[in-house]
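Written below as structure tokens is the structure these notes are about.
What follows is calculated from the coordinates using simple rules that are stated; it is not laboratory data. A quick note: this is a predicted structure, and the numbers were derived from the prediction, not measured. Here the Cβ is made from the backbone with ideal geometry for all residues, glycine too, and neighbour counts use every protein chain on show.
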Amino acid sequence: MRARAVPGGRGHLPHLGFRRERRPHTSRRHAGEHRLPEPGRPRGSDRDAELGHSAAAREQVPPAPRRRVERSGDVLRADQRRHPPGGRGGRPARAEARPVHVPRSRRRRAGPCLRRNWDLAPHRPRPVHGRRGHAAEARPHDDRHGRDAHCRDHGRRSRHEGSPAFRGDRAARQRSTGARRGGVPSHPQPARPLSERRPPPAALRRNAPRPRHGKGPRRPRRHGRGRRHPRRGAHDGRGEGLLGHAVVLRADPRRPAVLPLRPLRDGGAGMSTFATPVVHGTALTRVTPSSPVPDLRFKADRLMWIGVPAAATISAFATGAIARAQGASDGIPGNSGAAWTLFQLSPLPQMNPAAFKLVPGGLPVQLVLVEGTAGPTPAADDCLVAGSALTTAPAGGAFLAFGFQDRLCRDPLTWAEAIAASGDCDASWAQFVTDLAALPNARNLRVLDHLGAPVNPPGATPVAGSVAVSIDGGAATNVAFGNGLDGDTGKTVASTSRATVSFASAAHPIVASGDADTGAFEGGGLQLAVGGRMAQLLDADVWLATPDNGVQVNRWNAGSFLDPIQEGTPYFGRLVDDLRAAKPNGKAELAGWAFVKGSQADPTIDWPLVPGDPQSTLLNLVHDLSDNGVQVQMLVNQFLRFDSPTLDDFPELGPILFALYASLSPLQALLKIQTDPAGYVIGMLAIAALEIVLASSATLDGIKGFAEYSKPFMDALNDPTIATWTPYDAAFSDNPLVTPPPFKILGHTIDDISHLGVYHQKYVNIHRADGNYVSYLGGIDINSDRPDTTIHRALHPFHDVQARITGPAVIDVIRSFKERAKHHGVDPPAIDPGSAGPIGSTGSHLVQIARTYFKPRPGSATAALDFAPNGETTPVRSIKNAIGQARDYIYIEDQYFTPPDDYVQALIAAAGSGVRALIVTMPYQTDQPFGGRRRADVLNALQTAWGDRLYAGTPLRRFLHETPALTTNLGRMRLANTLIAGAAQCDLSPLAHIPPPPFWAFIGGELALAHAPVGGPSGTGSSAFQTVEIVRAAPSTWGATPVEHPAGTPVLAVQIPGIYVHAKVMIVDDTFLFVGSSNINRRGLYHDGEMNSFTIPQHLRGDPANPARILRARLMAEHAGISAEMGQALFADPIAALHYFVSRSWYQGAPRQPLGFFGPMPTDVNLGTSDTIGGWLLHVLIGSLEQAAEPDAWPLLVDPTTSLDPSPAKGPHYP
């Protein structure tokens, strides 16, 4: 069948991914996975969404027309002809480009595909040279399979083309690529100025021979009518191509097309990116104090405005899109009772990416407030050209301000200077800066809080304090934070002067310049740049808690560097590199909750930490290091401590312990008890798998074999000089919620077991052969269920975070290892903190290393830990401090999210202080037995306090089909009879392909739950079918639209595994980062042994290596289903991007969805593997006694606490 090219409009990339039209069919994806079109849409109608492209970018960028756009007044319209009347050279212009067919033998010359590099830097889209008139699409790189999703050989059909995502008729494909006349191109692109363009390759120049069907080349075209011009701006010589650094994806075709995403010819090749918004001579006024923005992106942010007099014209400062809002009051500075209209101009950065990247603070946005109700133009979604009129100030005047991506409240002179730093402003901009500098108090030094808001603005609760200001080394002047200060110190900084600012009233101050990578912790303050007039302040004393008495670790370590690492596979790769860098004669210390030897697929085979590297198994690494003179020491947590050789207290004790230990590592438990090879059964557990437990007593040896995850490794290593078992000392008698011995559950006395605490720490210290020290800590164990990446294609998807630490903070991690090792008889340790330190500065991060340790109950026989005699609660106190300081957002990821009462109360108090968002990501169900009840109560309380500011969600992996090697045809079915839109039953055939319900299935493109069979099979032979009861989506659940499906429609059974969230992370206001091992429950905060890090960037928000902002943007990108590089740009402003983050569809590739995604299910369907691991096992094993055991089992076994807990309650219910 003949290949075809999809024609496109002038100035767009040529389509080089030739496709052969084929009849739609169901094909097996080579990775066992299928992508289906979004229910309710024609197949193939939204390729970008199916490939995970950013919907937000498509909404932010208006669609470009396919034809040349001419200027009409100040707004550009797309209803003009491609060329002026008569065309160029006096000849009429053709209205549409014709498709050109290229013979297969010549397709290799067309050039490489675009890979999926929709990011800012360092990777950039590669240009595709081709002929004008052919639409090209940026093909995504299929990172699941390590190859291009579209073949490099364009003459060969991609192996993905037959998948459901690419099926559909010609009209659907044309709608998705903009091939039809007047359609919207998939990827509108800007061109670079003529001066930067590079000529196209010879094969694509004007008179070059062109491929054609038949023999011989096509004759060169002459100038004039029908001439095809070479595509302009294809390459600028720097590898950026047409797209440059911009995030440009397909625009919403429902929006009016008013601007091509390329500079206009009438502006000239030298047209500046930024135009002066008001002409010189306009009587501008400086509006004081700062005033909040009434609506749109910067709603409630305080900005510094300038007043524009009546009848003055305010111009668009850049080419961009308009948003507008209006209100009846509370908008106009100084006149709260007046009506207002707000215009917001968001520039299109792809017009000149390099210039925008030079602007301090990120993308600037122009805001114009006018009194009263403005006219209909410009309308929302209109796009204006730089320098065109935006509005005219009415009789009441207008107000102009600029907001930036970092949301700092800059004064007018500062925001004008920031835009001027781009180096691409028009000739009048310098005069505009001069005019602003002439306004009263324009050069006054201003102080901002950690968010970038002015200190003590009018109407806010005043904050006591003061700063000392010195100009050019002169005497310092103390400035108190008076009521209504609005950040203005009253100290003038000339353009040639330098101010030094110290936060005099702070106990442990941080002073940063705000929009530059400079800052100072303690000391004599910070000297700003020449002419600098802005300083951000933070007191570390109110964020990071003081360690408990008797604890030897430092409160914090300045000059450190913390690098967060997402997921196990990247972490293990870096860990192995650092361990091998210790050879020869280095040192390595590893402390873990579990060291698992066997792989998930086969526990008798060791798993490599680095895929494809058999020498990277843990056992091989330890032997290799030891053989090369590296001193290796390992502290291994010991789960089980029994006081009797048998469990004979009462029959239910064994099953309760079995369920409890299963919940500690649910994915490992799955490997031991899962019996459904295809994994279709909802909940992934089969009752038959528990016959091994039900048929015999839960003996001590049986539980040890199940729950002591490190035992196979320890047996294989068999070297006590390297690895040591370390049981945790906390006992039942140290729990204030439990009556003194004898301890009871279900009325039975327990004397076979008295300890259930653990060392939950996961950290590594390495002294490399080059003399450098590095530490790792976080939530990732050396466990075979941990390897995964951000696209989550593991057997059991697993999400976690680890941190790599260098600099002075490493000493506290080394000291922690020495303390624990000495407590368990390992002395001396491999690395001595005395000989290691002091370690020099490696960065600008203030890092606190904080542990959790228990405190013996008064009268208990348990001895106190000599390195934490009063216990240690630094982590929970630092966490609550940060919650109390939050002003913008609180972002939490946690494995359980069953917090103690004092933690919940801190979050409720934060809701009352005006924090804008609480974002919580967790597994679909909590792992702890009875934990689901606790979590539901807590979420209900938070919903009441936070309302629509609470965003609780869970990540769900893209659906999977069966493992082909195990079940060749199982799950591949068809409808035997028509299924109407409202039906609750369907007829499936052939019988041999139907898995036992319940299971998920795509009926055509509609996701449904096959719940239970209805009766027996009907019919005979090939006509036989089974009627199955189905649950179809409601509008508020998983979003599939029930439609009618004809007989013969393919039905594909799939798995929808949840991504298991194991991370322990909290981020506050892009200023504070917690990464560690402490779960948000009583065990993690008051009972078990934990290891955590808390980080504040010493340069605050201006730090380009700010780990809080970097990790938050990466996590949001991962959960939205986009690349980390794109996430750094798209989610740089967490508040502006929040709506997109929480609303992106699962069908568009976003894993994170609301907890109610599945909606109400039949009571016999278990959707998760979490509460069903612990609570469900209890229900199966002890039946009706489960509820009766809750009051005793929860505080004693599941979530114990100690006397350090300020609000102990039996639970699990809250309050």
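The largest-to-smallest principal axis extents of the Cα set in the stretch 851-923 are 47, 27, 19 Å.
Neighbour counts of other Cβ atoms within 10 Å put 1194, 946 in the fewest-to-most order 946, 1194.
When peptides 605-615, 892-902, 722-732, 1002-1012 are ranked by their average number of other Cβ atoms within 10 Å per residue, the highest-first order is 892-902, 1002-1012, 722-732, 605-615. Measuring max minus min along each principal axis, the C-alpha atoms of the stretch 412-508 give extents of 46, 33, 25 Å (largest first).
For the stretch 1105-1167, the fraction of C-alpha pairs farther apart than 20 angstrom is 35 percent.
Per q in 0.22 Å⁻¹, report the Debye log10 I(q)/I(0) for the stretch 702-816, using one uniform scatterer on each alpha carbon and no solvent. For the stretch 702-816 at q = 0.22 Å⁻¹, log10 I(q)/I(0) is -1.27. Our coupling estimate for the stretch 430-441, obtained by passing each phi through the Karplus curve with A = 6.51, B = -1.76, C = 1.60 and θ = phi - 60°, is 4, 5, 4, 4, 5, 4, 5, 5, 7, 6, x, 6 Hz, Gly and Pro reported as x.
Could you give me D for the stretch 302-387, from Stokes-Einstein at 25 °C and 0.890 mPa s, where the hydrodynamic radius is the Kirkwood radius over C-alpha pairs? Units µm² s⁻¹, please. The diffusion coefficient I find is 174 µm²/s. Of the residues 576, 279, the one with the fewest other Cβ atoms within 10 Å heads the list, and the complete ranking is 279, 576. Tally Lys/Arg at +1 and Asp/Glu at -1 over every other residue whose Cβ is under 10 Å from the Cβ of residue 760; what's the total? Taking every other residue near residue 760 into account, the sum is 0.
Rounded to the nearest angstrom and listed largest first, the equivalent-ellipsoid semi-axes of the stretch 285-442 from its Cα gyration tensor are 23, 18, 15.
With q set to 0.23, 0.25, 0.26, 0.27 Å⁻¹, the log10 of I(q)/I(0) for the stretch 910-982, from the Debye formula over equal scatterers at the Cα positions, is -1.06, -1.16, -1.20, -1.23. For the stretch 927-1039, the equivalent ellipsoid built from the Cα gyration tensor has semi-axes of 36, 17, 14 Å, listed from largest to smallest.
Overall shape of the stretch 436-481 was characterised from the C-alpha gyration tensor. The equivalent ellipsoid obtained from it has semi-axes of 21, 17, 9 Å, in decreasing order. With N as its number of residues, the stretch 869-999 has a Cα radius of gyration that, divided by 2.2 N^0.38 Å, comes to 1.62. Charge dipole (Cα centre; +1 on Lys/Arg Cβ, -1 on Asp/Glu Cβ; no other charges) of the stretch 466-542 amounts to roughly 240 debye. For residue 909 and residue 283, the FRET efficiency from 1/(1 + (r/R0)^6), where r spans their Cβ atoms and R0 equals 41 Å, is about 0.30. The alpha carbon convex hull volume per residue for the stretch 1002-1056 rounds to 98 Å³.
Taking the number of Cβ atoms within 10 Å of each Cβ as an exposure proxy, the fewest-first ranking of 744, 880 is 744, 880.
Once the C-beta distance of residue 870 and residue 1024 is scaled by a Förster radius of 45 Å, the resulting FRET efficiency is 0.05 to the nearest 0.05.
In terms of overall dimensions, the C-alpha atoms belonging to the stretch 466-542 reach 35, 29, 23 Å along their principal axes, ordered largest to smallest.
For the residue pairs 583/818; 711/855; 762/880; 744/855; 762/822; 880/1064, the alpha carbons lie more than 20 Å apart in 583/818; 711/855; 762/880; 744/855. Packing, taken as the mean count of other beta carbons within 10 Å per residue, orders the peptides 1054-1061, 973-980, 461-468, 542-549 from highest to lowest as 1054-1061, 973-980, 542-549, 461-468. Per residue, the average separation of C-alpha pairs within less than 8 Å and at least 6 apart gives the stretch 972-1054 a relative contact order of 42 percent.
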